[in-house]
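None of the figures in this text is laboratory data; all of them are computed from the coordinates on show. Keep in mind that this is a model prediction, so the values were computed, not measured. All Cβ positions, even for glycine, are placed from backbone atoms using ideal geometry, and neighbour counts span all protein chains on display.
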Amino acid sequence: MTRQIAAARFARAIAALMMTALLQLGVAATAIGAEPARTADGKPNLNGIWQVLNTANWDLQEHAARAGQVVTLGAVGAVPAGLGVVEGDDIPYLPAAAAKKKENFENRLTADPEIKCYLPGVPRATYMPYPFQIVQTPNYVLMAYEYAGATRTIHMDKAPPNPVDSWMGHSVGHWEGDTLVVDVTGLNDQTWFDRAGNFHSDALHVVERYTPRSPDALTYEATIEDPKVFSRPWKMSMPLYRRLEQNAQLQEFKCVEFVEELMYGHLRKQPSK
Amino acid sequence: MNRRYFTSTDGPAVMIAVALLAPLPVAAQTWTPPRTADGQPDLQGVWDFRTITPLERPVALGTKEFFTDEEAANFEKQENLRQDRDKIDPEVGGLMYPPGGVVPYNEFWYDRGNKIVGTKRTSLIVDPPNGRLPAMTPEGKKRADLRAAEQRETQLGRPHADSWEDRPLQERCIVGLNAGPPMTPGAYNNNVQLFQTPQYVVILNEMVHDARIIPLDGRPHGHLRQWKGDSRGHWEGNTLVVDTTNFKRETSLPNSSANTHLVERFTRTGADTLLYEFTVEDPTVWTRPWTAAVPMRKSADPIYEYACHEGNYAMASILAGARAAEKAAEEAAKKGSK
């Protein structure tokens, strides 16, 4: 082997190593979410169909797998384990509210509003085990949830005053850098946070933050404030994942027809004796 | 056009102006709609489709396609009086309510508007040219007869209610009375908000609150049947065309079937007006396709949450009422046999 050939091989090897290093750096940069895709008005483009991959809807807090309450459902009705989505895993209930939470948990099979296909409220709509779609326009961001066909409109410019408390609340949004911040008020006291009986009052104030973390994931954070129920504000956070199927589309989950027997069955005409 | 500018002193000039403006589509063609950032005609906003123009032209109007101003004013006056639920004595009956029946909602609940459409058409149906629904097939007649009979029983306070499944989808909060597809002006909540992104158009009706998310990427219809069908959209010039098939059981139109193929067209006709047209092809029910045109007006008001199912105390009450009536009849029969 001549010295020239050896030198050329050495140079190629160095170049290859440098290329690999650069590629790795590039991948890392993307994963950290350096530069999100943008809409025509220069905002991060949050359009898409998103879904969580966690068990927050069963229980916001850390929980081991446990049996369900309907014996005939067996493993199908069991609760999958979860590491929890609450910062510090502590939900700071006031004493009376802590007792109410316990009671809710005991009565969850009948008392959880999800059982009756009621609108889920915020933030629960985000982490139910169904996809939702963000439809982002400059003046409005529509959140359309597959569960119960629930929707809410986030007002980005001039928000009208909140007319009356509602199930999905009154949402007003703005951008803080690349984060969509949504201030949610006007929520009624009829919804829960999860199937474990975590609850709130009509004084609930939620501040949500949607931040791109990679092309196909967002970070979702929700700060919960409700002086009638909690001794201090608390926070949950979780990733939202993009549904990447080529044909991804929200389907109908109009659950009214799945709960009518449960809700009205006792009022059915009985077979004549 | 602002009608306040025309006073009685304008006389013939007004008539000429009205005659020139009458074929609205011509005016519409000359108006250039604003565009979204990606170049689509911008249909976005909240649109109000309240009107007292009937779907079908009253038979007495024959071939009359448009009202004159005077006729329009007269029709509005009479129709507003006729529709006024507070003026109907249940014992006497009126509108569609038979004597001795039930007038279930008073005027408080209505928000149907009090004007006919701006085009002064005598019906929302524009085809067939007589402004009326086409002849029904034998299956269509069967559906219509059954529906009329059930409605009559409901109006007489004897609703068919062995279970919720005997009640219309609207009462069950599964589909909205007027939300469609296709959208048709109704008793209240005649509002829709349109959203656009480069890939989708979204139709959000206030009535029963769910969003119809329509892909614009040319993907074929799916296979699943849904209550609101399966919608696909594309642009034809400045018109958004939405094609819907795969309805689960029926559309929100009375007597319709799952076999419906619906084509809706949305065209901006002015800064504050949008023309919504739809063609219904349902060979199970009607012997030919038919088309209606519903002009919409821009609204400054937001869409509110209409939590229909959550507040549906009526369903339990209807069923409980039917059971109570049965019990009373049973007891009366027992007394009679003693």
Estimated [θ] at 222 nm from DSSP helical runs (n ≥ 4, -39500 (n - 2.57)) normalised by residues in chain A, nearest 500: -6500 deg cm²/dmol
To the nearest 0.05, how large is the calculated FRET efficiency for B:Arg225 and B:Ala325 if R₀ is 51 Å and r is the Cβ-Cβ distance? 0.90
Lys pairs, region A:48-264 - Cα-Cα below 27 angstrom, 8 or more residues apart or on other chains: 11
Of A:Gln246, A:Ser231, A:Asn188, which is farthest on the positive side of the dipole of chain A, counting Cα position, with +1 on Lys and Arg Cβ, -1 on Asp and Glu Cβ, and the Cα centre as origin? A:Gln246
Give me P(r) over the protein assembly as shown, computed from all C-alpha to C-alpha distances, binned every 20 Å, as integer percentages. 16, 45, 29, 8, 2, 0, 0
Quote the relative contact order of chain A in percent (integer), defining contacts as alpha-carbon pairs under 8 Å separated by 6+ residues. 21
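Using only atoms on other chains, find how many Cβ atoms lie within 10 Å of each Cβ of peptide B:157-164 and report the average. Working shown, then result.
Working: counts 0, 0, 0, 0, 3, 3, 7, 9.
Taking all residues of B:157-164 together, the mean is 3.
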Where labels lie 7 Å past Cα in the beta-carbon direction, separation of B:Ala316 and A:Asp165 in nm: 1.9
Which angle from 0 to 90°, rounded to the nearest 10, does the C-alpha axis of helix B:313-337 make with the longest principal axis of chain B? 30
Pseudo-spin-label distance A:Leu53 to A:Arg242, built 7 Å along Cα→Cβ, given in nm, is 1.5
Here the residues of region A:220-236 lying in the modelled label zone of A:Asp189, meaning backbone nitrogen under 19 Å from a point 7 Å along Cα-to-Cβ, are A:224-233
Just to confirm the number: angle between the C-alpha axis of helix A:95-106 and the first principal axis of chain A, 0 to 90 degrees, nearest 10? 90
May I ask you to derive the FRET efficiency for B:Arg288 and A:Ala203 from their Cβ-Cβ distance with R0 = 41 Å, giving the value to the nearest 0.05? 0.10
Can you show me the helix-derived [θ] at 222 nm for chain B, built from DSSP H runs with n ≥ 4 at -39,500 (n - 2.57) apiece and divided by the number of residues, rounded to the nearest 500. -7500 deg cm²/dmol
Quick check: pseudo-label points 7 Å beyond the Cα along Cα→Cβ at A:His266 and A:Lys100, how many nm apart are they? 2.4
Using r as the Cβ-Cβ distance of B:Lys298 and B:Trp235, and R0 as 22 Å, what FRET efficiency do you calculate, to the nearest 0.05? 0.60
Mean-square fluctuation check for chain A, GNM, Cα pairs under 10 Å: which of A:Ala98, A:Ala125, A:Ala56 is largest? A:Ala98
If you rank A:Tyr127, A:Tyr118 by fewest surrounding Cβ atoms within 10 Å, what's the result? A:Tyr118, A:Tyr127
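Work out the length of the dipole vector of region A:138-273 about its Cα centre, built from +1 on the beta-carbon of each Lys and Arg and -1 on the beta-carbon of each Asp and Glu, and round it to the nearest 20 debye.
360
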Does anyone have the angle between helix B:11-21 and the longest principal axis of chain B? Alpha-carbon axes, 0 to 90°, nearest 10? 90
Peptide B:174-180: average number of partner chain Cβ atoms within 10 Å per residue? 1
Nearest-5 percent of antiparallel DSSP beta bridges in the protein assembly as shown? 95
Where the centre of each part is set by its Cα atoms, how far does region A:67-105 sit from region A:242-263, in angstrom? 24
Partner chain coverage, peptide A:260-269 - average Cβ within 10 angstrom: 6
Using 0.36 nm times the number of residues separating B:Asp166 and B:Ala60, minus their current alpha carbon distance, what extension gain do you get? 34.7 nm
What's the exposure ranking of B:Thr51, B:Thr244, B:Thr68, A:Thr219, going from fewest to most Cβ atoms within 10 Å? B:Thr68, A:Thr219, B:Thr51, B:Thr244
